[in-house]
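Take a look at the structure below.
The values are calculated or read from the model by the stated rules, or taken from the named source; none is laboratory data. This one's a predicted model, so the numbers in the text were calculated from it and none came from an experiment. When we count neighbours, we look across all protein chains shown, and the Cβ atoms used for this are built from the backbone with ideal geometry, even at glycine.
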Amino acid sequence: MSQLLPYLGVSLLLLVVSALWARQLFLTRKTRIELIVPQKREPTSGSTASHGDLGERIFDLVDWDFVSRNVPSEIQQMFLRERTILAISWLRRTRTRVSLLMRAHVAAVGQIADLHLATELKLALNYLVVLTLCNLLIAWIWARGPMRTRKMVGQTLRTVAWLRGAFEQLMARVSAET
Amino acid sequence: MSLGVKNVEIEPAIRDLRNRTLARLPGDVSRLVYLASSRDLNTGRYSHDGLAFHFSENVACKAMAACHAEIFNRLVYCSLEELIEELRSYISSTAERPGDVLESWKHLGSYRVTIPSECDEMAAEIFLSNVKVALAILQTRQESAFQDGQFAWRYRSHGR
């Protein structure tokens, strides 16, 4: 019986956390915080991606469409090699930036009086999703090249935008309370 | 052609630079090369006598840095096809033979000095990579045009 005690303890803890989360979701429904997701900017004429979205620029298919139709195969290979290097560099940078943001958030979170557990859990979950997506993408790009990963990149960009909005909102709350 | 720079002090200098100097150059690559070559590589400061005379040395330097960053950004976000066209336009505006310019840019990496001092590291990586590919494409086109020309010349010679 004593061997089961740790498992029971962990189960009880999970149950309490789930109950608290459900309660928080229910309570925050009325005063729900809309997370700020940066609005997509209109691309300027003649450009392939909107200014500021370097990730979109790297994974944009316009260049590949042009290269695959108009240039010899050795230059196509060169283009793919170059984009692979850029894509991996961008993903590593995104991963580092998100990790730095999360560290800053963890350091600042102690100053928030009315901590929203649901938001925190969602944030933590999305953080893990971004890290996993970045690592998966790096492996995938090494194996298949950057042009076949556009869908996953789109998901990563959306999650990063969500995280950025959530962090911005939380930071605004921290500075408002201090 | 919005800069996003709200500095009232440098806005007239930027307008002056755009209208009097940059508008006369054929394309963004030419403008980028011009602005980069107006910069002292040791200090990173830009110099433009006319602009400094009308405004001040500091304002002229800031205006040139702002225009440099703006043009660089446009080139980072333009498509590879547009970049090739820009490079082609720049190369044909020089008095040198296109093959020599391409060779020099490729081997010396002259385009590396055209990057503004204060720019995103990733943007610089994208620019360098795109220019590298664009130069390779232009060189291939140039070689095939040369071969076609030689073939046509031989064909005409044998025909006679």
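Suppose we keep only residues that are assigned to a helix (DSSP H, G or I) and touching a helix residue (DSSP H, G or I) at 6+ places or on another chain (Cβ under 6 Å) within region B:16-32. Which one would you say is farthest from B:CYS78 (Cα to Cα)?
Residues of region B:16-32 that are assigned to a helix (DSSP H, G or I), as a first pass: B:16-24, B:28-32.
From what is left, the residues that are touching a helix residue (DSSP H, G or I) at 6+ places or on another chain (Cβ under 6 Å) are B:17, B:22, B:28-32.
On the way: B:LEU17: 22, B:LEU22: 19, B:ASP28: 11, B:VAL29: 12, B:SER30: 15, B:ARG31: 15, B:LEU32: 14 Å.
The extreme case among them is B:LEU17.
Select, from B:ALA36, B:ALA13, B:ALA65, the only residue that is in a helix (DSSP H, G or I), closer than 25 Å to B:ILE137 by Cβ, among the aliphatic types (A, V, I, L, M) and in contact (Cβ under 8 Å) with a residue 12 or more places away in the chain.
On the way: B:ALA13 fails: closer than 25 Å to B:ILE137 by Cβ; B:ALA65 fails: closer than 25 Å to B:ILE137 by Cβ.
Answer to the selection: B:ALA36.
Yes or no, residue by residue, for (1) away from chain A (no Cβ under 14 Å); (2) assigned to a loop (DSSP other than H, G, I, E, B); (3) modelled with pLDDT under 90:
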{"site": "B:LEU83", "(1), (2), (3)": "no, no, no"}
{"site": "B:ARG112", "(1), (2), (3)": "yes, no, no"}
{"site": "B:GLU118", "(1), (2), (3)": "yes, yes, yes"}
{"site": "B:GLU125", "(1), (2), (3)": "no, no, no"}
{"site": "B:ILE137", "(1), (2), (3)": "no, no, no"}
{"site": "B:GLN150", "(1), (2), (3)": "yes, no, yes"}
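Residue pairs whose Cβ atoms lie under 6 Å apart, separated by 6 or more positions or on different chains, with the first residue in region B:84-108 and touching a residue at least 12 places away in the same chain (Cβ under 8 Å) and the second loosely packed, with under 15 Cβ neighbours inside 10 Å, are B:SER89/B:PRO26; B:SER93/B:PRO26.
Residue-level check: of (1) under 20 Å from B:THR21 (Cβ atoms); (2) away from chain A (no Cβ under 11 Å), B:GLU70 misses just (2).
Annotation note: Cβ proximity below 7 Å between a residue of region A:81-109 that is within 13 Å of another protein chain (Cβ to nearest Cβ) and in contact (Cβ under 8 Å) with a residue 60 or more places away in the chain and a residue that is surrounded by 14 or more Cβ atoms within 10 Å (Cβ to Cβ) and not in a helix (DSSP H, G or I) (sequence gap 6+ or interchain) occurs for A:THR84/A:GLY145.
When the residues of region A:145-178 are filtered to those that are buried (at least 19 other Cβ atoms within 10 Å of the Cβ) and among the aliphatic types (A, V, I, L, M), the one that is modelled with the lowest pLDDT is A:LEU170.
Here's a check for you: in region A:119-144, which residue that is among the polar types (S, T, N, Q) and crowded, with 16+ Cβ neighbours inside 10 Å is farthest from A:ILE58 (Cα to Cα)?
Restricting attention to region A:119-144, the residues satisfying the condition of being among the polar types (S, T, N, Q) are A:119, A:126, A:132, A:135.
Subsequent filtering for residues that are crowded, with 16+ Cβ neighbours inside 10 Å retains A:119, A:126.
Details: A:THR119: 31, A:ASN126: 23 Å.
The extreme case among them is A:THR119.
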